[in-house]
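Written out below as structure tokens is the structure these notes cover.
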Amino acid sequence: MAIGWFLVVSALIFSIGAGGVLVRRNPLVILLCLEMMLNGANLALVAFSRMWGGEDGQVFALIVMVVAACEVTIGLGLVVAIYRRRLPIDVDELNELQG
Amino acid sequence: MSAVLFFIAAIGAITAAIGVVTLRNPFYSVLALAVHLVSLAALFLLLRAEFVAAAQVIVYAGAMMVLYVFVVAYVGGAEPLASGAVLRVLGPLFALALTIELCIAMLGAGLKGVSSRGAPFIPGFGTPAHIGRLFLTAYLFPFELASILLLVAAIGAVVLARRRRGLDTDEQAQFQVRVPRPAYTGTMAEGAGVRSSAHEEQLTPDVQRVGTTSDESAAATGHQGGW
């Protein structure tokens, strides 16, 4: 398969994730869509690594996975803390931090 | 053969991604994301990134999805699908524009290298040995930084999700029910001679809030140290 096909798939996944971040209101689903955006970037990284024949892109993909795991941990901790304080789990309602 | 596998995995990944965005129940969204991640692992295998594919399946589809499922089961609740009318229209339009822009940037920019079929196969490409060597030589600093980031995230999650004392003020208050026992039933007060049999009490349960001092309530209800 040509590398361009993989790049098209990664662009589609990234765009679907970005649209989901805009459309959805549940912070859990927004975190899932962020995961998809990171995965689209990962696919592009691995595809370029295959194209040039070096593993550097795969190293970056693994580090992106680490960052995604940290982001999920903190995000789910925030969701649990919001739930404990009986606040609505809805990003449109949780707008006290906006300026 | 690789083309067939590619199209199966790519269609699976994209439909699962659309399912994550459009499904109403967050639980189904998490399951769709698991399908998406496994399809992406197949795509990584087609790109000869075996170690990244294995890490994707183990770390993402294994560990993180379990965490998501736990939190969704704890928080729960389906939601009305989309946000306000403006974002509901503008979100997909933005996604479409982003797709077109990315495709133009990556495919139509005249980069001759992008449309190639890739580098010739190197033995051992993408194996843990090669990636581990890179991690411990050229990318040692990002490797250590990632470990520190994981430590910070673990501590942060514990701090965020722990149960704080004094935070849940409107939680139902804990009450302690004190039912007076009839006389001669072997209480310690009778054994100590504090409570005589002549001192008959009314058999009404006495609900006292935990934290208030028992002396004032005892003085209010007429019990004199019978407890």
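Read the figures in this text as sums done on the coordinates, not as results from a lab. Predicted, not measured: the structure shown is a model, and the values here were computed from it. When we count neighbours, we look across all protein chains shown, and the Cβ atoms used for this are built from the backbone with ideal geometry, even at glycine.
Points to keep in mind about this one:
- Cβ crowding within 10 Å ranks A:Trp52, A:Trp5 as A:Trp52, A:Trp5, fewest other Cβ atoms first.
- Counted over region B:1-78 with a bin width of 5 Å, the fraction of Cα pairs per bin, in whole percents, is 3, 17, 22, 22, 17, 10, 5, 2, 1.
- Reducing region A:13-49 and region B:1-76 to their Cα centroids gives an inter-centroid distance of 11 Å.
- Distance (nanometres) between label positions extended 7 Å along Cα→Cβ at B:Leu96 and A:Arg86: 4.5
- At R0 = 22 Å, FRET efficiency that the Cβ-Cβ distance of B:Ala54 and B:Arg133 yields, to 0.05: 0.80
- Label-point separation, B:Phe70 to B:Ile155 (7 Å along Cα→Cβ), nm: 2.1
- One chain, two ends: B:Cys103 and B:Glu144. Fully extended at 0.36 nm per residue, the span grows by 11.3 nm beyond their Cα-Cα distance.
- Estimated [θ] at 222 nm from DSSP helical runs (n ≥ 4, -39500 (n - 2.57)) normalised by residues in chain A, nearest 500: -27000 deg cm²/dmol
- The length gained by stretching the chain between B:Arg162 and B:Ile11 to full extension, at 0.36 nm per residue less their Cα-Cα distance, is 50.3 nm.
- Considering chain A, its Cα convex hull presents a mean projected area of 7.3 nm².
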